[in-house]
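To start, the structure itself, in C-alpha cells.
Values in this text are rule-based calculations from the coordinates and carry no lab data. This is a predicted model, so every value here is computed, not measured. Using ideal geometry, Cβ is built from the backbone for each residue, glycine included, and neighbour counts are taken over all protein chains shown.
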Amino acid sequence: MAPDPILTLVWAGIIGVAIFIYVVTDGFDLGIGILFPTMAPGAERETAIATIKPVWDANQTWLVLGGGGVFAAFPLAYAILMPAVYAPLIAMLLGLIFRGVAFKYRARTSRIWLWDFAFFAGSTLAAFAQGVILGAVLQGVKVSGRSYAGGWWDWLSPFSLLTGASVVAAYALLGACWLIWRTVGAVQDHAYRMAWRGGGASIAAIAAVSLATPFLSHDYFSRWFETPGIYFSAPVPILLAITGLLFIRALKRRAEVAPFLLAELLFLLAFIGLGISIFPWAVPGQVTIWQAATAGNAQSFMLVGVGLLLPVILGYTAYGYWLFRGKVGAEGYA
Amino acid sequence: MFDDVSALSLARFQFAFTVSFHFIFPAFSIGLASYLAVLEGLWLKTGRDVYLQLFHYWLKIFAIAFGMGVVSGIVMAYQFGSNWSAFSDKASPVIGPLMAYEVLSAFFLESGFLGVMLFGLDRVGKKLHFMATCLVAIGTTISAFWIIAVNSWMQTPQGYAIASNGQFYATDWWLVVFNPSMPYRLAHTLLGAYLTTALVVGAVGAWHLLKDRKLGRAAQPATKIMFAMAMGMVAVTAPLQVLAGHEHGVNTLQHQPAKIAAMEGHYESHDRAAPLILFGIPDDAAQEMRYKLEVPALGSLVLQHDIEAATTGLDKVAPENRAKVAFPFYAFRVMVGLGVLMLLLGGWAAFNAARGRLFDNVWQQRLALGLGPAGFVAVLAGWITTETGRQPFTIFGLLRTAESASPLAAPAVAASLIAFIIVYFFVFGVGTWFIIKLMATEPTPGEPEASDEEAVEVGSLPPEAAIGLQPAE
C-alpha cells in the first residue's frame, strides 16, 4: 500500500499549516507567559491573562494536530525524530503542563506568585524547547535503517540553543503585539516597550538563524546562495527586511493592530524560509516526505476527515475569537 | 543505579504511569461533561435556580479536571513517538488515521467550546451556551470512541495486512474501527466513566448530608438533588456495567483466551467443569496457583454458560507468549470486588428511595462517601487487567512489546520517568487538592460562577477597575 505522491504533498502542506497556526496562535499565549515577570502583579497581569483565557486551549490543540499529524501522515519521520529530540520534547511537555494548569490554579490559590512563576517558567521552557527541537531537526540526526541511531544528547549544539533562544524572542514579540491590540492604558504602554525589545531580539534572531542555517550543510547552502535555488529563496530575505521596516514604522506610529499582523507576517516569511531549507526532507538529509509517508489509503481516509472537519473547526475557532473580541478591561473607554 | 533495569521496563513503567494518571481525568470529565449538560438542560426546561447552582458548582470542578486531562493527554500524544517509536512506525498506517480523527472531531470541539462554556454565559445567551456545553460533552464521548477503537484494534486486530517494510496497513477501515472487542470495550469504558462520576457526585452529596445532619442544620436543596441524581445513576449504571463487563469478558474469551486464562488464574486447561478461582497467590515460575480458594465448575458456567465446557489454560499458550499472571489476576479481583460494592450501593439507595427515606439513611450515605474514589480505582484496575493481560504484545499476537520500544538508553528513559513522577504528583496533587476544597463547600443559592472567580472577564472590567490601567506616567 504505497503512499500517493500527490497526497503526500497535500499532507506535508496540511501539517505545515497546522504547525504554523500553532506557532502564531499559541505563540502569543506563550509569549505572554514569557513576558509575565515584566508585568506588575495585579491588574496588569490579570488583564494580560484574561485576553488569552478563552482561546489558549484551542490554540494549543494545533500542537496536537501537528504532532499527531506527523505521527499519522509521516510515521517514519515521527519514529526517527521523536527519540532524537527526546530531552527537549519531554521538557516541552513538562513546560506545557505547568503553563496549562497555571491558568486554573492561579484563580484558586493564595500563593499566586507560585503559579505566576509556573506560568512564566512553563511558557518559557516550552518555547525554548520548541526552538531547540527545530534546531535539532535542522542540523540533522543520525539514522540507521528505520530508526534513530544517535545518543540522547545529540540535539545539544550552539545552533539548537540559538534556535531555542530565537523562538523565545519570537513568542515574546507575538505576546507583546497581541497585548498592544487587545489592551489599553498602562498594560498597552508596557506592551509597546516589550514589542520594541522583542522586535529587536526577533529580527536579530531571524538574521542569526538565517545566516547560520546555510552553513549547516551544503544542501541548505546551495538552496540559498547558488542557482537555481536562489531564484526561489532570494525574495524571502527581501520581504523579511521590508516587513521588519514596516513593523518598526507601525510601532513608531503606535498603531494597534498592525504590529501584531506584521509580526505574524514576519514569522510566516521565516516559516516559508524554513520550508525552503527543508523541503522535501522529512528528516533532513536522510528521509524524504515520500519515503516517510503513510499508506495511500490512510492518506485518503484522513483527507476526507480534514476536508469535512477542518472548515468547521476554522469556523468555530473564528467564532470563538469573535465572541471574545474587543479591548480587555476597556469597557467605557474604547 | 539502573544497571539491572532495562530501558524497556522503564519505558513500560513510564507509559503505565503517565497513562494511568491521564485516564483518571477523562474517566471523570466524560461523565461530568454529560452531567453538566443534563443540569443545564434541566435548568433551561424547569427554570429552577437550583439546577443552575449545581451547574456552576460542578463547572468549576470540571474546569480543573479537564485542564489536567488536557495537559496530561498531550504527553500521551507525543509519548508514542518518544518511547515507542518502533511501534509508531509499524502501526501508524492503521491507527494513525483514527487518532487524527480523534484530534479533528473531538479535541478541537472540546477546546473550541470550552472557552464559551466557562466564560461565555453572559455573552452568548442561554440556548447557545447550552449548545456549547452539549458540544463539549459530545466531544469527550467522540474522543473516547476513537481512542477505544485504537486500543481495541491493538487487542483484537482485524482488517489489516502487513507490507514488505514491516508496516501494518488497513485493508478495510470499517473492520479496523469496529474490530471485535471495540463495541464491548467502548460500552464498558463509557459506563465506567458515568459510574465513576456518579460515585464522585454521590460522595460529595453524602458528605454534605452527613455534615449538615451532624451540625443539626437542614441540607441545601442542591445537595439533596445531586445526591438523589447520583444514587439514581449508580442504581441504573452499576447493574448495566456488570452486564457490560460480563459480555466484554465473554468477548475476550473468544478473541484473547490467553488473557482470560491469566485473569482467571487458570494455569491448567480443563476438559470440562473448570473451577472459578476466587482467590490465590499466582506463581508463574511453577505455573501454579497457590493457596487457591475455588468454586468447582463455576468457571465454565460463568464464562461459557455451560458446565460441560472446556477451558484453555496457560499450559496451552507457548511459554514466550504468556502474560505475568499476578497483574491481571489481582487487578481483575479489585475491579470486580468494587463492582459488587457499587451494585450494593445502587440497590440499597433504590430500596431507600422506594421507602421515601433516601436522605435519612446514614449508613447508606457513609457507604456512598466511602465509594467516592471507588470508580477511579475500578477503572484503573480494569485497564491494568486488560493491558497487562495482553502482554507480551502491543498488537496482540502480532507485535511484541520488546519490538515496539524506541532505541533509547536506559538513563534517558529513567531521567524522564523521574521528571514525570515528580511533576505529576506535584501538579496533579495540587489540582486534586483544589478540587477537594471546592467539593468541601456546599453548593448554595448564588453559587459563584467559574468566570467570576477566575479573575478578570474579557471586556468586563468595570470602569473603576480600569482606572488602574491608565498610563502610570
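If you look at the Cα atoms of chain B, you get an Rg and a Dmax of 24.4, 90 Å. The three principal axes of the Cα atoms in the range A:190-262 give end-to-end lengths of 43, 20, 13 Å, sorted in falling order.
For the range B:130-227, the fraction of C-alpha pairs more than 20 angstrom apart is 60%.
Remark: mean inter-chain Cβ contacts per residue of B:434-447 equal 1, using a 10 Å Cβ-Cβ cutoff to other protein chain atoms. A Cβ-based charge dipole, computed about the Cα centre of the range B:36-151 with Lys and Arg at +1 and Asp and Glu at -1, lands at about 300 debye.
Quick one: in the range B:28-117, what % of C-alpha pairs are over 23 Å apart?
41 percent
Charges at C-beta only: +1 for Lys and Arg, -1 for Asp and Glu. How large is the resulting dipole of chain A about its Cα centre, in Debye rounded to 20?
So the magnitude is around 640 debye.
Couplings 3J(HN,Hα) for the range A:200-216, derived from phi with the Karplus relation 6.51 cos²θ - 1.76 cosθ + 1.60 (θ = phi - 60°), are x, 5, 5, 5, 4, 5, 4, 4, 5, 5, 5, 6, 6, 4, x, 8, 5 Hz, where x marks Gly and Pro.
Restricting the calculation to alpha carbons of the range B:307-425 gives Rg and Dmax of 21.2, 64 angstrom.
The angle between the Cα long axis of helix A:86-106 and the longest principal axis of the Cα atoms of chain A comes to about 20 degrees, rounded to the nearest 10. Both the radius of gyration and Dmax for the range A:166-307 are 18.6, 55 Å, in that order, over alpha-carbon atoms. Normalised by 2.2 N^0.38 Å, where N counts its residues, the alpha-carbon radius of gyration of the range B:183-401 equals 1.18. Taking every alpha-carbon pair within the range A:5-323, the share separated by more than 25 Å comes to 52 percent. Among the helices of chain B, those built from whole DSSP H runs whose Cα atoms reach 15 Å or more along their own axis and whose mean Kyte-Doolittle hydropathy is at least 0.5 are B:7-46, B:49-83, B:108-119, B:126-155, B:221-255, B:326-354, B:374-389, B:410-440.
For chain A, the longest principal axis of the C-alpha atoms and the axis of helix A:296-323 are separated by about 10°. The residue list A:23, A:117, A:185 was ranked by how far each Cα lies along the charge dipole of the protein assembly as shown toward its positive end, using unit charges on Cβ atoms, and A:185 comes out on top. Comparing the protein assembly as shown with the 2.2 N^0.38 Å rule of thumb, its C-alpha radius of gyration ratio is 0.99 (two decimals). What's the average, rounded to a whole number, of partner chain beta-carbon atoms within 10 Å of each residue's beta-carbon in A:297-309? Average neighbour count from other chains, rounded to a whole number: 5. Checked against a 22 Å cut-off, the cross-linked pairs A:104/B:211; B:211/B:437; B:259/B:292; A:142/B:90 give Cα-Cα distances beyond that limit for A:104/B:211. Calculated mean residue ellipticity, 222 nm, the protein assembly as shown: -24000 deg cm²/dmol, from DSSP H runs (n ≥ 4) at -39500 (n - 2.57) each, averaged per residue and rounded to 500.
Would you mind giving the mean number of other chain beta-carbons within 10 Å of the Cβ of each residue in B:66-73, as a whole number?
So the per-residue partner count for this stretch is 5.
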